[in-house]
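What follows is a set of notes on a single structure, which appears directly below.
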Amino acid sequence: MKNKTTIQKQPSKLLTAIIISLSTFLLSQPVMAAKFKCWKNKEGVKECGSYVPAEYSQKRIETRSDSGRVVEVKERAKNEEELAEEARLAELKKIEDAKIAEQKKLDSILLKTFTRERDITMLRDSKVNVIEGIITVTNSNNKALQKKLERLQKQAANIERGGKKPPESLVEDIKSIESTMKKNEESITAKRAEQETIRQKFKLDLDRFRILKNTPATVAKPK
């Protein structure tokens, strides 16, 4: 009888294995901390609960642990005006980034093209002097045309004093010379403006070169 009672009190090997397996499984599972969510209602008062009412689902929502610590935040959804402003600012940043990239490209070209300030001023003066040569030639041509014009005008005046009308060919020659001289003057004006544009461009290049090289400005009179 004693042996029989002892056998009944001892669990079977199968039951023992099941108990051990179940205990191991339970211990291996992470402890799931209770969480709750918090939001603000229409009056701006904070509310909390296990779920967020649909009318507040687009508001800022905090997920907190059972101890009250914030473990996750979902920012409120932006309205149309905010989305439009966000898009506008993004476009401005895109434009600004493009400008910065372009400036870096120009800076690289500037530093590769010139090694010293004198190189910049020499190239500037060379370009200005080429245009000055064109202006000189044009002025010389106009002086020659002016003499020819005066001669033809005098010839036409003499004919008119004789009571006759100057021939059409003479009148056309006078008009042609006047037209050419006018175009030459306009060309000279345009070339002067071109010279000034070159000076301004090279001034910007020189100023930028000094910044990149971190050198103080020196007096360099443009020609």
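Read the figures in this text as sums done on the coordinates, not as results from a lab. This is a predicted model, so every value here is computed, not measured. Cβ atoms come from the backbone with ideal geometry, glycine included; neighbour counts cover every protein chain shown.
Of the trypsin sites (Lys or Arg not before Pro) in the range 95-167, which ones lie in a loop per DSSP and count no more than 13 other C-beta atoms within 10 Å? The partial results should precede the final answer.
Values: sites: Lys99, Lys104, Lys105, Lys112, Arg116, Arg118, Arg124, Lys127, Lys143, Lys147, Lys148, Arg151, Lys154, Arg161, Lys164; in loops: Arg116, Lys164.
Those that pass, being in a loop and sparsely packed, are Arg116, Lys164.
Along the charge dipole of the range 102-213, Cβ charges K/R +1 and D/E -1, which of Gln155, Ile211, Gln195 sits furthest on the positive end?
Ile211
Using DSSP to call loops (not H, G, I, E or B), can you name the GluC sites (Glu not before Pro) in the range 37-105 whose Cβ has at most 10 other Cβ atoms within 10 angstrom? Don't jump to the answer; show the numbers that get you there.
Values: sites: Glu43, Glu47, Glu55, Glu62, Glu72, Glu75, Glu80, Glu81, Glu82, Glu85, Glu86, Glu91, Glu96, Glu102; in loops: Glu43, Glu75.
The qualifying sites are Glu43, Glu75.
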